[in-house]
1. Would you work out what percent of the accessible area of the chain, with all protein chains in place, is carbon or sulfur (probe 1.4 Å)?
2. How high is the relative contact order of the stretch 141-211, in percent, with contacts defined as C-alpha pairs under 8 Å that are six or more residues apart?
3. Using Cα atoms only, what is the angle between the long axis of helix 407-417 and the major principal axis of the chain, expressed in degrees (0 to 90) to the nearest 10?
4. With a cut-off of 8 Å between alpha carbons and a minimum separation of six or more residues, what is the relative contact order of the chain in percent?
5. Hey, of (1) 1.05; (2) 1.03; (3) 1.08, which did the structure itself give for Rg/Rh (Cα atoms, Kirkwood Rh) when calculated?
6. Considering only DSSP beta bridges where both residues belong to the chain, give the percentage that are antiparallel (nearest 5).
7. Using 0.36 nm times the number of residues separating Asp371 and Lys156, minus their current alpha carbon distance, what extension gain do you get?
8. What does the extension gain come out to for Glu99 and Ser284, with contour length at 0.36 nm per residue minus their alpha carbon separation?
Amino acid sequence: VLDYYVHVSSARVGLTQTKIILVQNKIPLVLGLGVTGKSILNFLTKSHDEIYLIEENPDNPSLSDLSNYDTKVHVNPFIGEDFFESVSVIYVSPGISKEHPIILKGNENKILISSDIEEFLNNSKSLKIVVTGTNGKTSTSLMIEALLKAFYPHLKIKCIGNIGNPALPCLEQEIDVSVIEASSFQLELINEAQFEIGVLLNVHEDHLDRHKSFDEYRDIKKKVLKFSEYNISFDDSNDLRKEHKNYDLFEMPEDVINSKFYKSWPKHDLQNLKAAICVLDFFSQIYKQAPLNESNFYANIQIALESFKKPEHRFELLAEVKGIQFINDSKATNLHATINAIQAVNRFKEKGNLFLICGGDLKGQDLSVLDPDIIKSIKEIFIFGKDKDTLFESMHKHTNCFIEKSLEDAVRKASKNAKDSDYVLLSPACSSLDMFEDYQARGIKFKEIVEEIRNE
């Protein structure tokens, strides 16, 4: 941990005496070697001779790559009483709990806890747009990217962050505009930053197993407005006294309303589109250059979005099977997202019944937000996963509910009970981690089961 430097000669009573001076080098510490941790490590090796790395999985294949660095990486160093005196900054991946012993000890020793997103925000020369919210972050970020590329085709624009592209490798790329999707876990780790546009889509109960309270979760989300010059959010509150737009008040023009994509999108995606268009408006002010296609503004919005493809597992309409419409909304990992999905189906279905498949890990959500009328609009609910009993108790008084052992059992039971013109909606309202690697794996499994039913 400590390097010994410098032998100093000094004359004393006619003798030459060698004195060893102990010099303490401050060294950054990386906690975790997942995708984000590896990107942080790669970033730090360009400016540091030594790095500490804490990786609790001895079988992590990335450990074998450490010998390729010129920088000395101390893997799982001995942590004695004086260890934290040699640590400069602790870099944390967003998936690591803030209750981790290393983080708690770092806070106790007043060591800065930072992240890849903070480093990117403070080092990137690109114009930065940060998007957060309980739901809709990815879809909105991709809409913003599509719109900017349509209006400013000469600019290099990239979506990064929680969307799946680590931020720090992008510092080495030529990017004019970075659209950064940020989760509450990532925002929580930001101490100080500055960027041009901050977008707060919505704030509803989520991740209360991680955050101490809803108030704390909301305050973390609001960081996106605190650190940005131009604010976009879902209401008129503007305590920060900055340039502000309430995207909920944006009136969509008739030619956009009459377009094919508009009529087929659920309401929550149309709200996301409003926020994306507000970003486009602010961007034109900041960039101080009129869009190249300004002469036909809304026609260009249609062109951009008619070719826009939403990411998988977000109210994804699958092909009909025996007259039944299956919808994959596996990304709905909280109650509000599921409520949005239920309301979307009820809004555009002309006839037929709705069969809901839900369940998993509730993450401490308050089930009192469930409106009985919304539950009554569902013909049958099939519940699986860790908190199936809790969900059942909350909903069975309002409609027919069934507890199932697995997602496959739930899908097969729903498809058996559904008839022509009915809808089967997977919208779990829960985290997937009790039974699946992530929500993508859950959605893929759902689609595989539906395909098997089709072929039977």
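The values are calculated or read from the model by the stated rules, or taken from the named source; none is laboratory data. All of these numbers come straight from a predicted model, not from anything done at the bench. A quick note on method: Cβ atoms are made from the backbone with ideal geometry, for glycine too, and the neighbour counts reach across all protein chains shown. The protein model used for the area step is the full one, side chains on, heavy atoms only, and it has no ligands, DNA or RNA in it. Shrake-Rupley method; radii C 1.70, N 1.55, O 1.52, S 1.80 Å.
1. On the way: 10460 of 21780 Å².
For the chain, the apolar C and S fraction of the accessible surface comes to 48 percent.
2. Contact order relative to length: 27 percent.
3. Rounded to the nearest ten degrees, it is 10.
4. Details: 842 pairs, mean separation 51.4, N = 456.
Averaging sequence separation for qualifying contacts and normalising by length gives 11 percent for the chain.
5. The calculated read-out lines up with (1).
6. Given both bridge residues lie in the chain, the antiparallel proportion sits at roughly 20 percent.
7. Between Asp371 and Lys156, full extension yields 72.9 nm more.
8. Numbers: separation 185, 0.36 × 185 = 66.60 nm, distance 4.23 nm.
Taking Glu99 through Ser284 to full extension adds about 62.4 nm, to one decimal.
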